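Undergrad: Take a look at this one; I'll ask things after.
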Amino acid sequence: MPRLNPGDSAPDFTLVDQDGQTVSLSDFRGGGLIAFFYPAAMTPGCTTEACDFRDSVTPLQEAGYTVVGISRDEPAKLREFRERDALPYALLSDPDHAVHEAYGAWGEKMNYGKVVEGVIRSTFVIDGDGTIAHALYNVKATGHVARVRTLLGV
């Protein structure tokens with residue numbers, strides 16, 4: 001899948017959140033959006049990343065950013081994940097990974113020395129006009145949010 005670069009238009013999307021509500025990219029026009037793609041709810045690495053975003057959500061919101069997590073998990077599992085870890089932001093379900101593909105967050109990757117196809121842990125910062133400000137691919141779960149905050153000066 002082709003990767004996005006700063007200055008590209010963010011691919012539009014409409015997904016369902018953990019409560020079954022429809023969420024679209026256009027809902028965030030006028031403000032910044034941080035969308036992070038992660039492999040699976042309630043796994044150790046994804047929990048670390050999600051909780052790091054949780055712990056940084058207030059300064060990110062104060063700087064004008066909304067955070068959303070996107071995975072292939074169904075809404076019921078996302079709701080459980082959100083409740084279990086007190087995640088204060090929406091978790092969006094992309095079961096057919098079409099949005100993952102549009103953002104270049106799906107494809108071949110190394111997993112325990114083998115090439116597999118799956119979710120490429122990635123984060124995108126999208127400006128209020130729908131333009132990609134930062135596209136971060138193959139990020140690590142630990143320490144990643146600190147890097148995002150540094151990039152944004154938050």
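Undergrad: What do you reckon, is residue 101 more than 17 Å from residue 61 (Cβ to Cβ), modelled with pLDDT of 95 or more and either touching a Phe, Trp or Tyr at 6+ places or on another chain (Cβ under 9 Å) or outside any loop (DSSP other than H, G, I, E, B) (or both)?
TA: Details: more than 17 Å from residue 61 (Cβ to Cβ): yes; modelled with pLDDT of 95 or more: yes; either touching a Phe, Trp or Tyr at 6+ places or on another chain (Cβ under 9 Å) or outside any loop (DSSP other than H, G, I, E, B) (or both): yes.
Considered against the rule, which asks whether it is more than 17 Å from residue 61 (Cβ to Cβ), modelled with pLDDT of 95 or more and either touching a Phe, Trp or Tyr at 6+ places or on another chain (Cβ under 9 Å) or outside any loop (DSSP other than H, G, I, E, B) (or both), residue 101 comes out as yes.
Undergrad: Please state which of the following conditions residue 39 fails to meet, knowing it meets all the rest: (1) within 21 Å of residue 146 (Cα to Cα); (2) touching a Phe, Trp or Tyr at 6+ places or on another chain (Cβ under 7 Å).
TA: Answer for residue 39: the failing condition is (2).
Undergrad: Filter segment 35-67 down to residues that are free of Cβ contacts under 8 Å to residues at least 40 places away in the same chain and polar (S, T, N, Q) and give me whichever is nearest to residue 86 (Cα to Cα).
TA: So, considering only residues that are free of Cβ contacts under 8 Å to residues at least 40 places away in the same chain and polar (S, T, N, Q), the one nearest to residue 86 (Cα to Cα) is 47.
Undergrad: Can you name every one of the strands (runs of 3 or more DSSP E) wholly within segment 107-154 that holds 2 or more residues which are modelled with pLDDT of 90 or more and over 22 Å from residue 44 (Cα atoms)?
TA: On the way: elements: 114-119, 122-126, 132-136.
Where strands (runs of 3 or more DSSP E) fall fully within segment 107-154 and carry at least 2 residues being modelled with pLDDT of 90 or more and over 22 Å from residue 44 (Cα atoms), they are 122-126, 132-136.
Undergrad: Of these, 92, 60, which one is under 21 Å from residue 143 (Cβ atoms), modelled with pLDDT of 95 or more and either surrounded by 15 or more Cβ atoms within 10 Å (Cβ to Cβ) or under 13 Å from the mean Cα position of the chain (by Cα) (or both)? Lay out the reasoning, then the answer.
TA: Numbers: 92 fails: under 21 Å from residue 143 (Cβ atoms).
On inspection, the qualifying residue turns out to be 60.
Undergrad: Please work out which residue is surrounded by the fewest Cβ atoms within 10 Å (Cβ to Cβ), limiting yourself to segment 5-49 and to residues that are in contact with a Gly (Cβ under 6 Å, 6 or more places away or on another chain) and of a type in the set (A, V, I, L, M, F, W, C).
TA: Once the filter is applied, the top-ranked residue is 10.
Undergrad: Go through the residues of segment 80-87 one by one and say whether even a single one is surrounded by fewer than 20 Cβ atoms within 10 Å (Cβ to Cβ) and in contact with a strand residue (DSSP E or B) (Cβ under 8 Å, 6 or more places away or on another chain). Walk me through how you get there before you give the answer.
TA: At the first step, the residues of segment 80-87 found to be surrounded by fewer than 20 Cβ atoms within 10 Å (Cβ to Cβ) are 80, 83-86.
Okay, now just the ones that are also in contact with a strand residue (DSSP E or B) (Cβ under 8 Å, 6 or more places away or on another chain), so none.
Taking every residue of segment 80-87 in turn, none turns out to be surrounded by fewer than 20 Cβ atoms within 10 Å (Cβ to Cβ) and in contact with a strand residue (DSSP E or B) (Cβ under 8 Å, 6 or more places away or on another chain).
Undergrad: Which condition breaks for residue 75 when tested against (1) surrounded by fewer than 20 Cβ atoms within 10 Å (Cβ to Cβ); (2) out of contact with any Lys or Arg (no Cβ under 9 Å at 6 or more places or on another chain); (3) free of Cβ contacts under 8 Å to residues at least 40 places away in the same chain?
TA: That leaves (3) as the condition not met.
The values are calculated or read from the model by the stated rules, or taken from the named source; none is laboratory data. Values in this document were obtained by computation on a predicted structure and should not be read as measured data. For neighbour counting, all protein chains shown are included, and Cβ atoms are generated from backbone atoms with ideal geometry for every residue, glycine included.
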